[in-house]
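For reference, the structure is listed below as structure tokens.
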Amino acid sequence: MTGADFDQRLAAILAADAAGYSRLMSLDERATVVALDSARAAFRRHIESHRGRVIDTAGDSVLARFDTAAGAVSAALAVQHELATLGEDMPDDRCLRFRVGLHLGDVIVKSDGTIYGDGVNIAARLQVLADPGQVIVSDAIHGAVRGKVSASFTDLGEQRVKNIAYPVRAYAVTPHDACATEANSIDAAVGQAENAHAATETPSIAVLPFTNLSSDAEQEFFADGLTEEIISMLAAWRAFPVIARNSTFIYKNKAVDARQVARELGVRYIVEGSVRRGGQKIRVAAQLIDAANGHHLLASHYDRDVADLFSIQEEIAVSIAATVEPELERLEILKSSTKRTGNIAAWECCVRGNSLLNAYTPVENAKARGMFEKAITLDASYSDAHAGLAFTYLRELLLEVADTREESVARGLDAARRAVALDGSSSLAHLALGTAYIWANKHDLSIEETRIAIQLNPSNFHACLALGNRLDLAGHSGEGLAMMERALKLNPRDPRTHVYYCYLARALVNAKRYEEALQWAHSAVRVKPDFPQSHFLLALCMSHLGRCDEARIAAADCDQINPGFVQKRRHWNAYRDQQANTHLLAGLRKCGILPKTSTEK
């Protein structure tokens with residue numbers, strides 16, 4: 001193993017194991033398997049909602065890694081609370097309970113995401129010390145979370161544990177009542193949200209769609225455009241994560257409670273507002289709400305000419321950022337903002353174009369191109385318009401309506417390069433160029449440009465997801481999966497989550513983590529049952545697990561939605577490495593769903 005194959009880092013490790021699993025299996029195999037599946041789902045949901053990552057779920061155990069000790073403890077307590085609630089109506093001798101151990105220490109992380117080292121071993125040894133339903137932590141965890149989690153710690157003294165040369169001081173964790181409340185507040189249906197308490201570690205922000213108060217319904221796009229600009233400007237300041245537009249826009253035209261939205265999106269702060277436009281006059285109101293208590297921290301009102309819209313956006317973004325991060329220097333956020341057009345008509349065309357792009361249909365894509373071209377006619381130096389134009393050409397390829405692949409790729413590259421040339425500090429422009437490069441099969445250049453997009457805007461959900469997907473396709477599975485999982489936290493309620501779940505399922509199949517892949521494929525089907533790709537990925541996962549009958553059913557469901565879809569994928573070459581492509585479809589060939597290759601016959 002070379003240095004390029006692994007990374008050494010500090011991490012909080014969670015090790016969990018089911019107590020009395022073999023005994024329960026001997027009593028009732030079916031009920032125990034169902035209980036184990038429910039427990040695994042609870043672990044995954046709470047681990048991911050506290051910024052952790054599940055590494056392994058072999059047998060009846062769970063191994064996970066967290067960036068913060070507080071996240072690890074909060075997740076462990078939330079899981080234990082949920083499992084205890086699930087078992088309330090069952091006899092004690094039939095409940096599936098878990099022992100959990102936590103340790104903070106150095107670990108070695110391989111490129112495929114697996115972890116090794118004393119940090120892992122100590123967490124596993126502490127787990128053995130725990131009673132069923134209990135969480136035991138090391139002194140390192142205890143010191144790191146003191147005063148940061150709603151729990152008390154009982155000192156168990158120094159413990160001699162197997163294969164560890166030195167004694168480890170252990171603490172038993174007892175949640176306060178607030179912890180039970182915290183666990184209940186997490187939206188199990190979403191599975192990605194964090195509650196307000198957990199969100200205080202990093203003060204995330206969600207900007208809800210501004211309400212259009214104009215009598216003209218045509219001005220809806222104007223209010224949406226203002227919202228998107230504020231999201232973009234806030235995201236340019238790197239001190240706090242900003243939830244993606246697609247997750248917040250599901251609340252459009254709905255009467256919502258800010259605290260409930262904060263729980264569902266896992267944020268500390270909510271921004272909401274309204275826009276009224278009449279002729280060349282505009283009235284904008286914006287409020288910043290602390291979701292922990294519902295208090296208004298900031299309320300701004302503007303009555304200006306429409307031509308002053310850009311300065312209004314800037315003032316709102318700077319005021320919000322300065323309230324959340326008091327040490328913020330105004331010039332810092334302006335320095336990281338993209339160069340915007342001074343032409344309000346060009347901006348309006350671009351806003352309309354982006355709205356049309358979000359529809360993901362050939363007709364709307366063609367209309368979007370017309371809008372971006374008009375914006376460029378009005379302001380040829382408008383980088384965002386060139387980036388949008390690039391995406392319309394590349395979207396043709398995704399929608400399979402391009403006249404020729406070569407022409408669409410060439411035009412997409414030209415427009416994206418122009419966008420970067422006009423504004424090298426634009427995250428959107430670099431993402432467009434990275435997308436053009438991936439369609440041109442230039443994986444390394446695509447990854448490089450997408451990394452730049454994220455450096456310029458760490459909250460750019462689309463760039464995070466794209467980078468994760470592109471890293472996986474290029475052969476960097478571990479890093480790619482981690483980036484895709486990070487992206488989902490920035491966009492937990494996107495209506496197109498099923499597409500992202502499919503990306504994850506495919507990447508996990510590539511990593512030969514078939515059980516995890518199957519869970520994501522099931523989620524994709526559950527979110528959108530009429531999406532053929534979800535059923536195809538489900539069949540793919542089932543086939544790799546040797547569950548051929550179920551794989552055939554999933555493949556039949558796929559073809560019922562989109563006749564011929566499965567056979568069209570018989571030459572699917574998603575990966576740069578041909579061996580990865582062969583492995584991807586190997587299960588379907590073994591199950592007879594796809595024909596075998598000439599070398600397999």
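The values are calculated or read from the model by the stated rules, or taken from the named source; none is laboratory data. Because the structure is predicted, anything quoted here is derived from the model rather than measured. Cβ sites come from the backbone with ideal geometry, for glycine too, and all protein chains shown count toward neighbours. The accessibility values were calculated without ligands, DNA or RNA, using every heavy atom of the protein model including side chains. Shrake-Rupley method; radii C 1.70, N 1.55, O 1.52, S 1.80 Å.
Excluding ligands, DNA and RNA, what is the solvent-accessible area per residue of region 511-601 at a probe of 1.4 Å, expressed in Å²?
Here the per-residue accessible area is 52 Å².
State the label only: which of [x] 16, 39, 28, 13, 4, 1; [y] 19, 37, 27, 14, 3, 1, 0; [z] 18, 50, 28, 3 corresponds to P(r) over Cα pairs in 20 Å bins from 0, in percent computed from the shown model?
[z]
Per residue of region 540-557, what does 6.51 cos²θ - 1.76 cosθ + 1.60 with θ = phi - 60° give for ³J(HN,Hα)? Whole Hz please, x for Gly and Pro, Karplus curve as stated.
Values, residue by residue: 4, 5, 4, 5, 5, 8, x, 8, 5, 4, 5, 5, 5, 5, 5, 5, 5, 4 Hz.
Can you give the local net charge around H443? Use residues other than it whose beta-carbon is closer than 14 angstrom to its beta-carbon, Lys and Arg +1, Asp and Glu -1.
-2
Percent of accessible area on region 34-87 owned by carbon and sulfur, 1.4 Å probe?
In region 34-87, the share of accessible area belonging to carbon and sulfur is 56 percent.
Counting Lys and Arg as +1 and Asp and Glu as -1, each charge on the Cβ, what is the dipole of the chain about the Cα centre in debye, to the nearest 20?
Here the chain has a charge dipole of around 1100 debye.
For the chain, find the longest principal axis of its Cα atoms and tell me its angle to the long axis of helix 477-490, 0 to 90°, nearest 10.
Helix 477-490 sits at roughly 70 degrees to that axis.
Note down the magnitude of the dipole of region 425-483 about its Cα centre, charges +1 on Lys and Arg C-beta and -1 on Asp and Glu C-beta and zero elsewhere, to the nearest 20 debye.
In debye, rounded to 20, region 425-483 gives about 80.
Helix 578-590: angle to the longest alpha-carbon principal axis of the chain, degrees 0 to 90, nearest 10?
It is inclined by approximately 60 degrees.
Can you order the peptides 221-231, 583-593 by their average number of other Cβ atoms within 10 Å per residue, highest first?
By packing density, highest mean first, the sequence is 221-231, 583-593.
Hey, if you put +1 on the Cβ of every Lys and Arg and -1 on every Asp and Glu Cβ in the chain, which of W439, S232, A291 ends up farthest toward the positive end of that dipole?
Farthest towards the positive pole: W439.
If you filter region 380-477 for chymotrypsin sites (Phe, Trp or Tyr not before Pro), then keep DSSP loop positions with at most 12 other Cβ within 10 Å, what is left?
none
What full-extension length gain, to one decimal in nm, is calculated for R160 and V401 as 0.36 nm per residue of separation minus the Cα-Cα distance?
Length difference between fully extended and current span is 80.2 nm.
Of the peptides 357-363, 268-274, how do they stack up when ordered by the mean number of other Cβ atoms within 10 Å, highest first?
268-274, 357-363
From the phi angles alone, apply the Karplus equation (6.51, -1.76, 1.60; θ = phi - 60°) to region 243-251 and give each ³J(HN,Hα) in whole Hz, x where the residue is Gly or Pro.
Going residue by residue, I get 5, 5, 4, 5, 6, 7, 6, 5, 8 Hz, with x marking Gly and Pro.
Relative to the longest principal axis of the C-alpha atoms of the chain, give the angle of the C-alpha long axis of helix 344-357, reported between 0 and 90° and rounded to the nearest 10°.
40 degrees
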